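This report concerns only the one structure given below.
We did not get these values from a lab; they are worked out from the coordinates using the rules stated. All values derive from a computational prediction rather than experimental measurement. Note that we place each Cβ from the backbone using ideal geometry, even for glycine, and neighbour counts take in every protein chain shown.
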Amino acid sequence: MKKILGMIGLASVLTGCVTHPADPEVKAYVNGTVQPLRVLVSIDGTGDKTGNAYALSGYLQSNLEGALAASGYRVVYEGDHEILVSTCGSVMCKERNRRGSRHVYYGDADVQVTRAAFYNSMTDQRMRDLVARQRFDVQGGEARTRTEAIKSVADTLGPELSKWAAQSVTKVAAKLERCEVTINNAWSYRGEEDYPSRFVATVHRMRGIYQCRVLSTDNVNRSIRVEIIYDKDMYPDGIVNGLVATSGLNLYR
């Protein structure tokens, strides 16, 4: 009997056929970190050839970015975002009158706050992209130079616009959360490399999920990193606990 087993073992080595023992139960471990919501800010200043609108738009953009960052949002200039703050057309800035050597300018901005398009991808839920829209029209004080006059307009218009925009963004952000989730030991070596796509499909069937996408995969360590955007009121204990409680994902903390 020993001789027969020895011959079988030798044949396995020579042919390169090695039989693996049965896999132990695979436990995938999950953790997540809540990330700031991303707000794309786009203030158009191309409305005239004098450069006045461009100068005013620069002031407004900077003021708005500072207000949003102070409120805990991440300001972006392109790419992925959850909320968009933009002008409907260009900012306008023109001289209203001139009193001797004194300049008086006025500014005009039509601003809107909109949701990202993925909100409307939820099953049986359709929401208007537009959250709020407001037109601002202010006059600056007298100034000795054109630059000072435009700055006077910005000093009045900027804080007013930024306060309104931050409040409007909160209407969206109040129920929204973005979490980057990492899953380690996500699949065994027995042909479960489709786990990332199955994970995304399963998460999209969970309630209150706006978006789930794979950010990266590591086939060597069998781990994936995903981004999930969801209605946080649906997951008061956090999205990670929601994932652990979802059957079919086989997740542990």
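Would you mind calculating the gained length between residue 241 and residue 227 on full extension (0.36 nm times residue separation, minus the Cα-Cα distance), in nm to one decimal? Mind dumping the intermediate values first?
Working: separation 14, 0.36 × 14 = 5.04 nm, distance 1.52 nm.
Extra length from residue 241 to residue 227 when fully extended: 3.5 nm.
Hey, can you grab everything whose amide H is under 5 Å from the amide H of residue 211? Only 5+ residues off in sequence or another chain; H modelled, so Pro and N-termini drop out.
229
Calculate the spin-label point distance for residue 117 paired with residue 95, positioning each point 7 Å from the Cα along the beta-carbon direction, and give it in nanometres.
Going by the 7 Å Cα→Cβ label model, 4.4 nm.
Given all pairs of different Cα atoms, what value in angstroms does the Kirkwood hydrodynamic radius of region 38-173 take? Mind showing how you got there, number by number?
Working: mean 1/r = 0.0642 Å⁻¹.
In region 38-173 this quantity evaluates to 15.6 Å.
Ordered by residue, what ³J(HN,Hα) values in Hz, to whole numbers, does region 54-64 give under the Karplus form 6.51 cos²θ - 1.76 cosθ + 1.60, where θ = phi - 60° and Gly and Pro are x?
Here the 3J(HN,Hα) series is 5, 5, 5, 4, x, 4, 5, 4, 5, 5, 5 Hz.
Just subtract the alpha-carbon distance of residue 184 and residue 167 from 0.36 nm times their residue separation and send over the number in nm, one decimal.
On the way: separation 17, 0.36 × 17 = 6.12 nm, distance 3.86 nm.
Residue separation times 0.36 nm, minus the Cα-Cα distance, leaves 2.3 nm.
Report, in debye and to the nearest 20, how large the dipole of region 38-173 comes out about its Cα centre when Lys and Arg carry +1 and Asp and Glu carry -1 on their Cβ. Before the final figure, lay out each step's value.
On the way: 18 positive and 16 negative charges, 80 e Å.
Approximately 380 debye in magnitude.
Quick one: 3J(HN,Hα) in Hz for region 211-223, Karplus 6.51/-1.76/1.60 with θ = phi - 60°, rounded, Gly and Pro as x.
Values per residue, Gly and Pro as x: 7, 9, 8, 7, 8, 6, 10, 10, 5, 5, 9, 6, 10 Hz.
Residues with amide H under 5 Å of residue 94's amide H, sequence separation 5 or more or different chain, H placed in the peptide plane at 1.01 Å from N; which?
106
Work out from phi, with θ = phi - 60° and the Karplus expression 6.51 cos²θ - 1.76 cosθ + 1.60, the ³J(HN,Hα) of each residue of region 227-243, listed in order in whole Hz, and give x for Gly and Pro.
10, 10, 10, 8, 7, 5, 5, 6, 10, x, 8, x, 5, 4, 5, x, 5
What is the gain in length, in nm to one decimal, between residue 205 and residue 250 on full extension, counting 0.36 nm per residue of separation less the C-alpha to C-alpha distance? Working shown, then result.
Numbers: separation 45, 0.36 × 45 = 16.20 nm, distance 1.58 nm.
Taking residue 205 through residue 250 to full extension adds about 14.6 nm, to one decimal.
Taking amide H atoms as placed 1.01 Å from N in the peptide plane, list the residues 5 or more away in sequence, or in a different chain, whose amide H sits under 5 Å from that of residue 178.
Those qualifying (amide H under 5 Å, at least 5 residues apart or on another chain) are 35.
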